[in-house]
């Protein structure tokens with residue numbers, strides 16, 4: 001049995017280079033308000049450097065242009081990339097493109113891979129994933145009402161999609177639609193590749209949100225409202241088999257949540273650095289903040305929570321690498337809601353120690369805080385993941401036959417007396 005906590009020295013050198021590269025080349029871009037075309041132009045040489053280092057699109061297998069690193073190594077990479085919202089984009093592993101690439105690689109035809117996957121991996125195209133709807137709970141994708149109806153050999157799509165990330169800057173989207181409403185719940189939907197220019201597909205608007213209350217048109221990181229009105233597609237648009245929509249979605253969620261959690265660790269560490277730095281020089285009531293017990297408690301609690309989250313996430317990643325996503329369901333659900341809370345709490349403490357400066361836009365903390373609130377919603381709300389964890393834990397237990405607790409001391413005492421009767425009799429004789 002091996003129980004390793006070390007990183008391969010060769011891979012560690014890659015991580016060290018990534019950390020310096022992201023801090024020096026990517027973080028500065030956050031301060032610039034660039035349109036999507038401008039951003040693509042600015043990051044193009046950075047992406048070329050990443051490709052030259054063989055770190056591009058590392059989530060995919062080598063035959064698809066990736067590195068085949070596995071989830072543990074990917075997790076360590078995403079911790080660094082997640083320190084900036086632009087980090088994954090520069091390294092070709094940003095959501096939702098990474099998940100869409102995994103779908104196309106897994107179930108796409110050769111024609112679909114040539115038309116959509118190859119340019120997606122090259123960074124020549126970008127995509128979105130249209131699942132959620134305004135009138136149906138996103139946590140229950142079996143309740144979708146967007147439809148795909150047969151029309152000869154092709155399909156006609158109608159529906160209303162909501163909060164579709166990067167729809168306004170994507171070249172195509174993968175749409176989840178109901179193809180058989182009478183089928184069992186998890187067999188009702190299928191997935192389709194829809195070009196953004198398809199007649200009837202309307203990206204209505206970038207939705208103003210807590211994260212981005214005043215969205216600027218044609219910028220990266222949007223969340224959009226989308227209408228599909230009689231969108232006609234050929235048979236080549238179908239991904240996988242009819243009725244596989246739910247199953248295909250699951251392929252992207254397990255690893256995706258590992259990457260989410262590690263990116264949150266990167267954000268939390270950045271906030272932690274700001275928290276500790278502030279404590280070293282801010283003077284109040286006779287001493288620097290680092291001498292105050294409350295601030296020291298914040299630092300200690302933050303350090304413990306970040307380390308716990310990292311170990312939990314890497315253990316989940318290891319389990320996926322060793323046994324597959326299905327075997328790591330509980331671990332994945334644990335990190336999803338624990339990670340969201342850790343991210344929020346660490347950023348909140350960093351803001352508090354900076355006072356009005358932390359609340360202002362002169363530091364990135366306020367935008368990090370607003371973005372962190374969405375972590376409790378993305379890929380399923382906290383409540384759903386807690387429910388999953390509890391359900392999986394409870395499978396390991398059953399009610400005692402007599403409805404008496406297994407640790408009931410009077411009962412255990414009687415059992416102990418019976419088991420050790422001979423020895424107890426010797427003690428009685430000694431007295």
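The values are calculated or read from the model by the stated rules, or taken from the named source; none is laboratory data. This is a predicted model, so every value here is computed, not measured. Cβ placement follows ideal geometry from the backbone for every residue including glycine, while neighbour counts extend to all protein chains displayed.
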_Testing residue 210 on (1) surrounded by fewer than 14 Cβ atoms within 10 Å (Cβ to Cβ); (2) out of contact with any helix residue (DSSP H, G or I) (no Cβ under 7 Å at 6 or more places or on another chain); (3) in contact (Cβ under 8 Å) with a residue 60 or more places away in the chain; (4) over 30 Å from residue 151 (Cβ atoms), one condition comes back false. Which one is that?_
(2)
*asked:* For the range 44-66, give me each residue that is modelled with pLDDT of 90 or more, within 23 Å of residue 166 (Cα to Cα) and within 23 Å of the chain's Cα centre (by Cα).
replied: 47, 50, 56
_For the condition at pLDDT below 95, in contact with a helix residue (DSSP H, G or I) (Cβ under 6 Å, 6 or more places away or on another chain) and outside the structural domain of residue 137 (by TED's automatic domain parsing), what is the one hit in 376, 349?_
376
_Index of the failed condition, residue 359 passing every other in (1) in the same structural domain as residue 277 (by TED's automatic domain parsing); (2) loosely packed, with under 14 Cβ neighbours inside 10 Å; (3) touching a helix residue (DSSP H, G or I) at 6+ places or on another chain (Cβ under 9 Å)_ = (2)
*Within the bounds of the range 37-49, is there any residue that is surrounded by 13 or more Cβ atoms within 10 Å (Cβ to Cβ), outside the structural domain of residue 170 (by TED's automatic domain parsing), free of Cβ contacts under 8 Å to residues at least 12 places away in the same chain and part of a helix (DSSP H, G or I)?*
yes
*Any chance the range 272-282 includes a residue that's in a loop (DSSP other than H, G, I, E, B), at pLDDT 95 or above and over 24 Å from the mean Cα position of the chain (by Cα)?*
yes
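Yes/no matrix, rows are residues, columns are (1) surrounded by fewer than 23 Cβ atoms within 10 Å (Cβ to Cβ); (2) in contact with a helix residue (DSSP H, G or I) (Cβ under 7 Å, 6 or more places away or on another chain); (3) assigned by TED's automatic domain parsing to the domain that holds residue 269:
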position: 64; (1), (2), (3): yes, yes, no
position: 69; (1), (2), (3): yes, no, no
position: 73; (1), (2), (3): yes, yes, no
position: 90; (1), (2), (3): no, yes, no
position: 107; (1), (2), (3): yes, yes, no
position: 110; (1), (2), (3): yes, no, no
_So residue 136, is it touching a helix residue (DSSP H, G or I) at 6+ places or on another chain (Cβ under 8 Å), without any contact (Cβ under 8 Å) to a residue 24 or more places away in the chain and closer than 25 Å to residue 184 by Cα_ = yes
*asked:* Looking at the range 179-189, can you tell me whether even one residue there is under 28 Å from residue 90 (Cα atoms) and touching a residue at least 24 places away in the same chain (Cβ under 8 Å)?
replied: no
_Tally up the residues in the range 88-110 that are more than 25 Å from residue 245 (Cα to Cα), over 14 Å from the mean Cα position of the chain (by Cα) and part of a helix (DSSP H, G or I), please._
2
_Which residue is surrounded by the most Cβ atoms within 10 Å (Cβ to Cβ), if the candidates are limited to the range 267-284 and must be touching a residue at least 60 places away in the same chain (Cβ under 8 Å) and farther than 20 Å from residue 79 by Cβ?_
278
_I'm checking my understanding of the structure. Among residues of the range 135-150 that are modelled with pLDDT under 95 and outside any loop (DSSP other than H, G, I, E, B), which one is surrounded by the most Cβ atoms within 10 Å (Cβ to Cβ)?_
141
